[in-house]
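The values are calculated or read from the model by the stated rules, or taken from the named source; none is laboratory data. Everything numeric here is computed off the predicted structure, so don't read it as measured data. All Cβ positions, glycine included, derive from the backbone under ideal geometry; neighbour counts span all protein chains shown. To get the accessible areas, we keep the full protein, side chains included, count just its heavy atoms, and leave off ligands, DNA and RNA. Shrake-Rupley method; radii C 1.70, N 1.55, O 1.52, S 1.80 Å.
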Amino acid sequence: MPTRLPPVTRYLLIINVAVFLLQQVMSGPLIQHFALWPWGPDQVFQGDDGGMISVGFRPWQLVTYAFMHGGFQHIFFNMFALYMFGGAIEETFGSRNFTVYYFVCLICAALAQLVVVEYFTHGFVPTLGASGAIFGLLLAFGMLYPREKLMLIFLPIPIPAWLFVIGYGAIELILGVTGRQADVAHFAHLGGMLGGFLMIEYWRGKFPIKPKRRLLR
């Protein structure tokens, strides 16, 4: 349990909570403009005030969706995971690289969700939440600290971090493919993990284009 959070993790917690509180007083306009909507033509709906509103994909939504949440339980578990894992990852990467990593994960999660909706599910509902970035942090913890023990709240049995991450990823894949929990963006979670994996492998010098400074851990 971390006792002192480095700056970027602390600011991310504050911003997410602040936006969630703002949602309680102006949820409609925020979701209309800043949640992640499927790409394609705008669609028109009747707003809460009886007027017609047009909603659709905008480029900034690739980022802004990840600072909004669908309810108290949603934000609680995401922020708890950010609190638990964010500090350790930020101290390993450094604040600048941690920020890059976090945003790469959330953007990759958004892109994965857009692709799945466009070619498979064909729905038109907004996506919101930091879960894609959080799954990227979970993957980073499993890759950087594979022997650390983690426990599920409902299953208090210590599990090595690498096994925990693989198991969690497999569950997300199964739920996504089978269509269970249809209101959860499972492929966005997997997209966040994929983005994080590619980023770490790049920093480890595993690709033809090499980083200026390698991640040695």
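Quick notes
- By accessible area, using a 1.4 Å probe on protein heavy atoms only, the stretch 78-217 has 67% of its surface on carbon and sulfur.
- Contour excess over end-to-end distance, with Cα ends at residue 39 and residue 120 and 0.36 nm allotted per residue: 27.8 nm
- Efficiency of FRET between residue 57 and residue 11 - r from beta-carbon atoms, R0 35 angstrom, step 0.05: 0.80
- Summed residue charge, Cβ within 13 Å of residue 8's Cβ, Lys/Arg positive, Asp/Glu negative: 0
- Assigned charges on the beta-carbon of Lys, Arg, Asp, Glu; the chain dipole about Cα centre (debye): 1160
- Sorting the segments 61-73, 199-211 by their mean number of nearby beta carbons within 10 angstrom, highest to lowest, gives 61-73, 199-211.
- The length gained on full extension between residue 80 and residue 177, counted as 0.36 nm times the residue separation minus their Cα-Cα distance, comes to 32.2 nm.
- The label-point distance for residue 157 and residue 27, in a model that sets each label 7 Å from Cα toward Cβ, rounds to 3.8 nm.
- Packing-based ranking of 186-194, 128-136, 79-87 yields 128-136, 186-194, 79-87, ordered from highest to lowest mean Cβ neighbour count within 10 Å.
- Per residue value of the accessible surface for the chain (all protein chains in place, 1.4 Å probe), Å²: 56
- Under Stokes-Einstein, with the Kirkwood radius over Cα pairs as Rh, the value for the chain at 37 °C and 0.692 mPa s is 181 µm²/s.
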